[in-house]
Amino acid sequence: MNRMGREAREAAAVLRALPAETRSDAIRAMARHVRIQAPNILAANAEDVAAATSMVDRLRLDDARLEAIALAIEEVAALPDPVGAEIARWQRPNGLDIARVRTPIGVIGMIYESRPNVTADAAAICLRSGNAIILRSGSEALRSARAIHQALAAGLAQAGLPAGAVQIVPTADRAAVGMMLEGLAGSIDLIIPRGGKALVERVSREARVPTLGHLEGLCHTYVHLSADPDKAASIVANAKMRRVSVCGSTETLLIDRSVAATLLPQIAAALGDCELRGDAEARSIVPMALAGDADWTTEYLAPILAVRIVDGIDDAIAHIARYGTGHTEAIVAEDPAAAEYFLDSVDSAIVIWNASTQFADGGEFGFGAEIGIATGKLHARGPVGPEQLTTFKYLVRGTGQVRP
């Protein structure tokens, strides 16, 4: 592990100095080798799926999903390069010229569970932003992750980049996580966890280096009294049921009391084979199970939806503030003033008007891919793409000035 850390640190110094197009070529080469090695990747994934006991949808790859991974890598290659971009520039009265420019963070440690695509997404995003990365996959996806990494490494070699730029921990031993959290003797600059609540809590508790957290996606959709009925039914059904295992899936439906009697039956019908768990008022409108206190704080990642009738927009906002995780919330409304009030008042990483919460995705934001959705407030928030994996430095140019 310490050797991996040293090699990543050395590679980060190389990446920092490379031209943007050289890194773009390497990213495109990684995509090519994902396609070339598709049979090996799918075979490894089949072994992971056969051994899996949960989260199989997140884990499973097929030809279409693997092609989507390759396309996402190519989209990252085409993104504007953030390294060296000038954020601001000004001159002081004494003639000093000061510029704030983007620079790579250095070495990223990525700890993740059950999502093989994260291996490729994280590697591409780190190369685009000039960072080296050490990947640590969960045991349930390790065969898939190692096969994908083998393809990525072939792309790096073809482009002439150091192997230390993208490395993967070859073991599922939890002690490796502990070493990463300690920073690998000063080699890792930032840890990013992506997985369940237990993983994120462990990283937050034990990390001795800065972390960029991805907490639960306890997402809400609020149907306002001005909502268009057909639009509300379509949005809620997509927000919950398009893919129930993604972090942007709506877990709680909040519906305004004044329209609940007419809209809730239509929404329930659109949801189809989804188990509803509601408060007493919701149950009086549509037959469903009774929601307990735990239902308002549960990320189901399953075809289950909690339903609560609320007394107006402020009640909806209060519910989100109490139970939400700061991930993604949506309002369905035709009243622009109400929608803007919701957008301004809800303090989450992503707040949406008249669209599905499943748009909480770096690809849908135009980032090509994402490392995750950051739910904290520092150093980045929302989808984490290349720009979010840079910091900045100041370049000060003088003509001989000395300070009096």
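The values are calculated or read from the model by the stated rules, or taken from the named source; none is laboratory data. Keep in mind it's a predicted model, so treat the numbers as computed, not measured. No Cβ is skipped: glycine too gets one built from the backbone with ideal geometry, and neighbour counts run over all protein chains shown.
Side notes on the structure shown:
- Residue in the range 337-357 that is nearest to the chain's Cα centre (by Cα), counting only those that are assigned to a helix (DSSP H, G or I) and not polar (S, T, N, Q): 343
- Only residues that are under 22 Å from residue 45 (Cβ atoms) and part of a helix (DSSP H, G or I) were counted across the range 151-171, and they come to 6.
- Among the residues listed as 67, 74, the single one being surrounded by 13 or more Cβ atoms within 10 Å (Cβ to Cβ), closer than 25 Å to residue 386 by Cβ and without any contact (Cβ under 8 Å) to a residue 40 or more places away in the chain: 67
- If only residues of the range 46-64 that are modelled with pLDDT of 95 or more and under 22 Å from the mean Cα position of the chain (by Cα) are counted, the one that is surrounded by the most Cβ atoms within 10 Å (Cβ to Cβ) is 61.
- One residue from 387, 364, 370 being surrounded by fewer than 20 Cβ atoms within 10 Å (Cβ to Cβ), touching a Pro at 6+ places or on another chain (Cβ under 7 Å) and either modelled with pLDDT of 95 or more or among the acidic types (Asp, Glu) (or both): 387
- Test: residue in the range 321-336 that is surrounded by 13 or more Cβ atoms within 10 Å (Cβ to Cβ), without any contact (Cβ under 8 Å) to a residue 24 or more places away in the chain and over 11 Å from the mean Cα position of the chain (by Cα): no
- A count restricted to the range 307-320 and to residues that are surrounded by 20 or more Cβ atoms within 10 Å (Cβ to Cβ) and more than 17 Å from residue 291 (Cβ to Cβ) stands at 2.
- Selection within the range 181-207 - under 22 Å from residue 58 (Cβ atoms) and either surrounded by 22 or more Cβ atoms within 10 Å (Cβ to Cβ) or at pLDDT 90 or above (or both): 191, 192, 193, 194, 203
- 3 or more residues out of contact with any Leu (no Cβ under 6 Å at 6 or more places or on another chain) and among the small types (Gly, Ala, Ser): qualifying helices (runs of 4 or more DSSP H) within the range 49-150: 63-78, 117-128
Yes/no per residue for (1) among the β-branched types (Val, Ile, Thr); (2) at pLDDT 95 or above; (3) surrounded by 14 or more Cβ atoms within 10 Å (Cβ to Cβ):
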{"residue": "5", "(1), (2), (3)": "no, yes, yes"}
{"residue": "8", "(1), (2), (3)": "no, yes, yes"}
{"residue": "15", "(1), (2), (3)": "no, yes, yes"}
{"residue": "19", "(1), (2), (3)": "no, yes, no"}
{"residue": "24", "(1), (2), (3)": "no, yes, yes"}
{"residue": "27", "(1), (2), (3)": "yes, yes, yes"}
{"residue": "30", "(1), (2), (3)": "no, yes, yes"}
{"residue": "34", "(1), (2), (3)": "yes, yes, yes"}
{"residue": "43", "(1), (2), (3)": "no, yes, no"}
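- Enumeration of residues in the range 280-320 that are assigned to a loop (DSSP other than H, G, I, E, B), in contact (Cβ under 8 Å) with a residue 24 or more places away in the chain and more than 23 Å from residue 259 (Cβ to Cβ): 298, 299, 300, 301, 302, 303
- Considering only residues in the range 218-250 that are hydroxyl-bearing (Ser, Thr, Tyr) and surrounded by fewer than 24 Cβ atoms within 10 Å (Cβ to Cβ), the one that is modelled with the lowest pLDDT turns out to be 245.
- Taken together, 139, 129, 114, 144 contain a single residue that is among the polar types (S, T, N, Q), surrounded by 16 or more Cβ atoms within 10 Å (Cβ to Cβ) and at pLDDT below 95, which is 114.
- Extreme residue, nearest to the chain's Cα centre (by Cα), among residues of the range 156-198 that are of a type in the set (D, E, K, R) and within 22 Å of residue 143 (Cβ to Cβ): 194
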